[in-house]
Structure formats: C-alpha cells, structure tokens
Amino acid sequence: MKCLYCDCTDSKVIDSRSAEDGRTIRRRRECTACGRRFTTYETIEITPILVVKNNGTRQSYNAEKVRNGIIKSCEKRPVPMSVIDDMVADISKQVYNSMESEITTKTIGEMVMERLKKVDEVAYVRYASVYRSFKDLSSFMSELKQMMKADKKQ
C-alpha cells in the first residue's frame, strides 16, 4: 500500500477493526519512511452478476429491486421487515453462490415466489399476478387452484 504523503510502499498496520456489518476491515497504517498515518479499507470483491431480462437486455443484479418487489407484494400484510430482509439475503446468497455470471429474471422471480409462498399466500398471489402477467380471471383462478391442490397434499 502506497503512502498517501510520500509514495513509499512500505507501511505497518497499527490497528485493524471490522466495520460495516463485518464485511469490511478498517486498517490504520503508519508509513515506515515518513511516519505519517493513514486509513485503508479492505472489502470482498464481488463479481458482478448480470440479470437477463425478458427482452434480452442485461443489467447488474440489484438486491434492492428484489426487496422493493417483495415489499410491494407484502403491503398491508402481517409480514415483518426482518422476514423480508432475510428473504432478500437468502435470494442474494443463492444468486451469488450459483457461480454463474448471468441469471434470468425468470429464475429470480421463481426464487421470490418460492419464499413468499411459505411466508404469506396473499403476498405470493400478488407477486405471481404481476410476475406471471395474468391476463384474465381464468389464469388467476388456475394459479389459485394449483395452490389449493398443493395445500391439500400437505
């Protein structure tokens, strides 16, 4: 690490601390040449994952978009924010652990619906109605019938 003041490449670590929810390490360093101190931060390098949309365009994966979709579907439902945060963290972990550089919106949508179905069926149906683009009442009813069949089997 180059010294900010004299460009010397030799420094010693004075203090190391975890910062920002344990994902970053803050290091206080002292230059061995000039003796001045400076701070550096060490973080995990995240390989960007591209989301392939239905129209073929690509954009970076954004957990906030997943969170916002879940929040909208859970609006006025008894789903605590901590549960939503856990779902988003779980989905993000699954996306990054897939070791793929690209993932489709369909795959992400299925991950969301799988978790919403376990948490709140009304939120699940809301999300599915937007995600699956129900065109009419019959497609909506067919989804509800599938849910009811699955409930009877359990």
With a 1.4 Å probe and all protein chains in place, put Asp120, Asp90, Asp7 in order of accessible area, largest first. Asp7, Asp90, Asp120
Against the longest principal axis of the chain, how steep is helix 105-119, in degrees 0 to 90 to the nearest 10, with axes from Cα atoms? 70 degrees
The answer for the net charge of residues other than Glu75 whose Cβ lies under 14 angstrom from its Cβ, with Lys and Arg +1 and Asp and Glu -1, is +4
If I ignore ligands, DNA and RNA and count only protein heavy atoms, how much of Arg28 is accessible to a 1.4 Å probe, in Å² to the nearest 10? 70 Å²
Quick one: what are the phi-derived ³J(HN,Hα) couplings along the stretch 2-14, Karplus 6.51/-1.76/1.60 with θ = phi - 60°, whole Hz, x for glycine and proline? 6, 5, 5, 9, 10, 6, 5, 8, 10, 9, 10, 7, 8
Add -39500 (n - 2.57) for each DSSP H run of 4 or more in the chain, then divide by its residues: what number comes out at 222 nm, to the nearest 500 deg cm²/dmol? -15000 deg cm²/dmol
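Using mean Cβ contacts within 10 Å as the protection proxy, how do 51-57, 121-127 order, highest first? All intermediate terms of the calculation are to be shown ahead of the outcome.
Numbers: 51-57: 10.9, 121-127: 19.0.
Highest-to-lowest ranking by the protection proxy: 121-127, 51-57.
Quick one: of the DSSP bridges fully inside the chain, what percent are antiparallel, nearest 5? Show your work: numbers first, answer last.
Numbers: 18 of 21 bridges.
Here the antiparallel bridges make up roughly 85 percent for the chain.
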For Lys118, Lys2, what's the largest-to-smallest order of accessible area, 1.4 Å probe? Lys118, Lys2
From the backbone phi of the stretch 70-84, what are the Karplus-calculated ³J(HN,Hα) couplings (6.51 cos²θ - 1.76 cosθ + 1.60, θ = phi - 60°) in whole Hz, Gly and Pro given as x? 5, 4, 4, 6, 9, 4, 6, 10, x, 10, x, 4, 4, 5, 4
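The values are calculated or read from the model by the stated rules, or taken from the named source; none is laboratory data. Here the structure is a predicted model, which is why all the values come from computation and not from measurement. Don't worry about glycine lacking a Cβ; one is built from the backbone with ideal geometry, like all the others, and counts go over all protein chains shown. Please note that ligands, DNA and RNA were not included when accessible areas were found on the heavy atoms of the full protein model with its side chains. Shrake-Rupley method; radii C 1.70, N 1.55, O 1.52, S 1.80 Å.
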